[in-house]
Amino acid sequence: MKYYVSEKNEDKIAVIEGDKKYSFYQLEKKVDAICSKLIDCGIEAQGKVGVLMRNSADFIAAIYACTKLNLISVIFTFQPNSPRLNNTINNAQPDVILVNEDFKIEFDNVINVSRLDLSEGNDSRIEWKEHQADDTAYIIYTSGSTGNPKGVVIQHKAIENYLEITLKRLLIDENSCILVTSPFSFDASLGYIYCMLSSGAALVIDQSKMLLPRIICNCLTKNNITHYACTPSLFSEISKYVLKNNIDVSNIKTFSFGAEKIYPNELELIVKLKEKYPSLLVVNRYGPTETTVAVASYVLDGSENIDIPIGTKYENNNFYLLSGDMKEVSENEVGELYISGVQVMKEYYNDKELTDKFIIEYNGEKLYKTNDLFLKKDNELFYVGRSDDMLKRNGKRVYLSEIENIVGAIKGVKDHICVKEDLDDKTFQIIAYVVVDNADSFNEGKKAVDDSFASYMLPNKYIIVDEIPKTINGKRQNILKGELK
């Protein structure tokens, strides 16, 4: 993996963390201090180093140090003393865990990197250790819908392919300035750390902890940000805020979004922003954590409406859209996406049963089963929903995401989510929680939808709420019965 050589421009800013700014030289000092400590611990190549920190320059230095010594970064979500953290530590069994603040943790070998003396020694740099393409770069734990997080093992060849293509497609170089608002324990944020380290771009760490358009726009303009990525729902809110308040975001070169489905009302706002700033590169990205951050991208040209495809796959990867009996689907048919190639994970760490369930052999290739359904149309792939999202209503098959699409297109709907609520062992209802701009407009739009679609494609009832809960990285949360009032 090639990294930006800080000796060429040591004074260039690498990381902005609140009021603190770190040059590449200062970052390198942190990196080598961590390297020295890890060497003293006797950890050999491909040893596992846990990283348990909030978003910080120390986190970036830890990732950099592990790569420099050919060690495996094990990324833990920052939830001290939680059952989830204990489960992931027990699964990963790291040799050491790096932290940068004091808190109690049920693990013996912990190093607080904030206490390392950066003044020790001279300016001689720790030498890079050679790594092989098949060596593991990092293990990252997904949220785990069952409550048991899965350790996704990503190899160096995967992250190298991701970097080579991403830097080109998103136009990232040493003059770029990247804003990250999501936790570094999310793979999208981790991907930007690697982009920053390999290109020489600056990375700005947002510390507001509130994903509000006003706060984000202030950060975009204040720090002269050129690249920002978020969910489409948050991006649409930012677009609306920018357009309404006539905020100048001409400094931004690339806006990218992903991680959840985009709805027509969101796409409309994003396209309006693109119309105001024609030179702005707006990119829809797709990729499960298991395929190394992103494995496809689509560039918006401003003519889109209703829906957009996931776009062109990353080189050295293959897509297969297969039916339930593992046959490739035809045009205008829906199938499940399977992915092969260099960016597919090696395995779920220490979980052969789960690995064998999602990594399958197909015509001599190793395929990852995404559980994502797509419609093949005009040689493009349009997201439909999850394979476990299929419902049977009035004898008809329909996906929850299809119902959400219809609700999202209703006039006056600002935000929404549809939820399946079981009434008993055999019956259920679909509830649409909606945030509306204007109740009269919504009622008018709802009537038009009711007159246009069959009942099995519509919610059983609508509930107007003030807001839809979001996760810490801006995704809509799954809503359980009783959570919204």
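S73 is checked against (1) among the hydroxyl-bearing types (S, T, Y); (2) at pLDDT 95 or above; (3) part of a helix (DSSP H, G or I) and fails just one. What number does that condition carry?
S73 satisfies every listed condition except (3).
In the range 59-73, is there at least one residue being out of contact with any strand residue (DSSP E or B) (no Cβ under 6 Å at 6 or more places or on another chain), among the charged types (D, E, K, R) and surrounded by 18 or more Cβ atoms within 10 Å (Cβ to Cβ)?
Yes, because at least one residue in the range 59-73 is out of contact with any strand residue (DSSP E or B) (no Cβ under 6 Å at 6 or more places or on another chain), among the charged types (D, E, K, R) and surrounded by 18 or more Cβ atoms within 10 Å (Cβ to Cβ).
So L118 fits all but one of (1) over 26 Å from K157 (Cβ atoms); (2) modelled with pLDDT of 95 or more; what number is the exception?
Against the list (1) over 26 Å from K157 (Cβ atoms); (2) modelled with pLDDT of 95 or more, L118 comes up short only on (2).
Go through the range 49-61 and give me each residue that's touching a helix residue (DSSP H, G or I) at 6+ places or on another chain (Cβ under 6 Å) and of a type in the set (A, V, I, L, M). Show your work before the answer.
Going through the range 49-61, the residues touching a helix residue (DSSP H, G or I) at 6+ places or on another chain (Cβ under 6 Å) turn out to be 49, 51, 53, 58, 60-61.
Across the range 49-61, the qualifying residues are V49, V51, M53, I60, A61.
Name the residues in the range 311-337 that are surrounded by 13 or more Cβ atoms within 10 Å (Cβ to Cβ) and of a type in the set (K, R), would you?
If the condition is that a residue be surrounded by 13 or more Cβ atoms within 10 Å (Cβ to Cβ) and of a type in the set (K, R), then K313 is the only one that fits.
Is it the case that the range 17-27 has a residue that's in contact with a Pro (Cβ under 7 Å, 6 or more places away or on another chain), at pLDDT 90 or above and over 21 Å from L163 (Cβ atoms)? Give the steps one after another, and end with the answer.
Taking the range 17-27 first, the residues in contact with a Pro (Cβ under 7 Å, 6 or more places away or on another chain) are none.
Checked the range 17-27: no residue is in contact with a Pro (Cβ under 7 Å, 6 or more places away or on another chain), at pLDDT 90 or above and over 21 Å from L163 (Cβ atoms).
Looking at (1) in contact with a Lys or Arg (Cβ under 8 Å, 6 or more places away or on another chain); (2) touching a residue at least 60 places away in the same chain (Cβ under 8 Å), which is the one condition that is false for R393?
Result: R393 fails condition (1) only.
In the list I247, I308, I262, which residue meets the criterion of being without any contact (Cβ under 8 Å) to a residue 40 or more places away in the chain and surrounded by 15 or more Cβ atoms within 10 Å (Cβ to Cβ)? Spell out the reasoning first.
Numbers: I308 fails: without any contact (Cβ under 8 Å) to a residue 40 or more places away in the chain; I262 fails: without any contact (Cβ under 8 Å) to a residue 40 or more places away in the chain.
So the residue among I247, I308, I262 that is without any contact (Cβ under 8 Å) to a residue 40 or more places away in the chain and surrounded by 15 or more Cβ atoms within 10 Å (Cβ to Cβ) is I247.
For the condition free of Cβ contacts under 8 Å to residues at least 40 places away in the same chain and under 20 Å from P309 (Cβ atoms), what is the one hit in Y383, Y338?
Details: Y383 fails: free of Cβ contacts under 8 Å to residues at least 40 places away in the same chain.
The match here is Y338.
Could you check the range 76-100 and list, in sequence order, the residues that are in contact with a helix residue (DSSP H, G or I) (Cβ under 8 Å, 6 or more places away or on another chain) and either more than 23 Å from C35 (Cβ to Cβ) or part of a helix (DSSP H, G or I) (or both)?
So in the range 76-100, the residues in contact with a helix residue (DSSP H, G or I) (Cβ under 8 Å, 6 or more places away or on another chain) come out as 76-77, 79, 96-100.
Passing the criteria: T77, Q79.
Between F255, F235, which is touching a strand residue (DSSP E or B) at 6+ places or on another chain (Cβ under 7 Å), outside any loop (DSSP other than H, G, I, E, B) and at pLDDT 95 or above?
Numbers: F235 fails: at pLDDT 95 or above.
Every option except F255 fails the conditions.
From the list S182, S189, S236, which one is more than 30 Å from D351 (Cβ to Cβ) and either charged (D, E, K, R) or surrounded by 20 or more Cβ atoms within 10 Å (Cβ to Cβ) (or both)? Give the derivation first.
Details: S182 fails: more than 30 Å from D351 (Cβ to Cβ); S189 fails: more than 30 Å from D351 (Cβ to Cβ).
Only one candidate qualifies: S236.
Output the number of the condition that G341 fails; it satisfies all remaining conditions of (1) on the phi < 0 side of the Ramachandran plot; (2) buried (at least 17 other Cβ atoms within 10 Å of the Cβ); (3) among the small types (G, A, S).
So the condition that G341 fails would be (1).
For the subset of the range 294-331 comprising residues that are small (G, A, S) and assigned to a loop (DSSP other than H, G, I, E, B), which member is nearest to F382 (Cα to Cα)? Walk me through how you get there before you give the answer.
Within the range 294-331, the subset small (G, A, S) is 294, 296-297, 302-303, 311, 323-324, 330.
Pick out the ones that are also assigned to a loop (DSSP other than H, G, I, E, B) and you get 294, 302-303, 311, 323-324, 330.
Details: A294: 16, G302: 17, S303: 16, G311: 9, S323: 15, G324: 18, S330: 14 Å.
Only one residue tops the list, namely G311.
Considering only residues that are at pLDDT 95 or above and in a loop (DSSP other than H, G, I, E, B), look in the range 332-343 and name the one that is nearest to A133 (Cα to Cα).
Here the answer is V342.
Of everything in the range 165-189 that's modelled with pLDDT of 95 or more, assigned to a helix (DSSP H, G or I) and not polar (S, T, N, Q), which residue is nearest to E290 (Cα to Cα)?
Applying the filter and picking the extreme gives I165.
What is the residue count in the range 284-297 for residues that are surrounded by fewer than 20 Cβ atoms within 10 Å (Cβ to Cβ) and either in the same structural domain as A158 (by TED's automatic domain parsing) or touching a Gly at 6+ places or on another chain (Cβ under 9 Å) (or both)? Working first, answer last.
The initial filter retains those residues of the range 284-297 that are surrounded by fewer than 20 Cβ atoms within 10 Å (Cβ to Cβ), namely 289.
Imposing the further condition that a residue be either in the same structural domain as A158 (by TED's automatic domain parsing) or touching a Gly at 6+ places or on another chain (Cβ under 9 Å) (or both) reduces the set to none.
The qualifying residues number 0.
For the range 258-287, which residues satisfy the criterion of being in a loop (DSSP other than H, G, I, E, B), within 26 Å of F184 (Cα to Cα) and at pLDDT below 95?
So the first thing to find is which residues in the range 258-287 are in a loop (DSSP other than H, G, I, E, B), and the list is 258-263, 277-280, 287.
Then drop every residue that is not within 26 Å of F184 (Cα to Cα), which leaves 258-262, 280, 287.
If the condition is that a residue be in a loop (DSSP other than H, G, I, E, B), within 26 Å of F184 (Cα to Cα) and at pLDDT below 95, then G258, A259, E260, K261, I262 are the ones that fit.
Among V398, V413, V465, which is out of contact with any Pro (no Cβ under 9 Å at 6 or more places or on another chain) and farther than 29 Å from L337 by Cβ?
V465
If you go through the range 79-86 one residue at a time, do you hit one that is assigned by TED's automatic domain parsing to the domain that holds D32 and within 28 Å of F24 (Cβ to Cβ)?
Within the range 79-86, the subset assigned by TED's automatic domain parsing to the domain that holds D32 is 79-86.
Cutting the leftovers down to within 28 Å of F24 (Cβ to Cβ) gives us none.
The answer is no; no qualifying residue exists.
Within the group R84, R115, which residue is surrounded by fewer than 19 Cβ atoms within 10 Å (Cβ to Cβ), among the basic types (K, R), free of Cβ contacts under 8 Å to residues at least 60 places away in the same chain and more than 24 Å from L179 (Cα to Cα)? If you could, list the steps in order and put the result at the bottom.
On the way: R84 fails: free of Cβ contacts under 8 Å to residues at least 60 places away in the same chain.
Result: R115 is the single residue among R84, R115 that is surrounded by fewer than 19 Cβ atoms within 10 Å (Cβ to Cβ), among the basic types (K, R), free of Cβ contacts under 8 Å to residues at least 60 places away in the same chain and more than 24 Å from L179 (Cα to Cα).
Please tell me if D440 is surrounded by 12 or more Cβ atoms within 10 Å (Cβ to Cβ), modelled with pLDDT of 85 or more and among the charged types (D, E, K, R). Lay out the reasoning, then the answer.
Values: surrounded by 12 or more Cβ atoms within 10 Å (Cβ to Cβ): no; modelled with pLDDT of 85 or more: yes; among the charged types (D, E, K, R): yes.
So D440 does not fit the description; no.
The values are calculated or read from the model by the stated rules, or taken from the named source; none is laboratory data. All figures in this text were calculated on a predicted structure; none of them were measured in a lab. With ideal geometry, Cβ positions are generated from the backbone for all residues, glycine too; neighbour counts draw on all protein chains shown.
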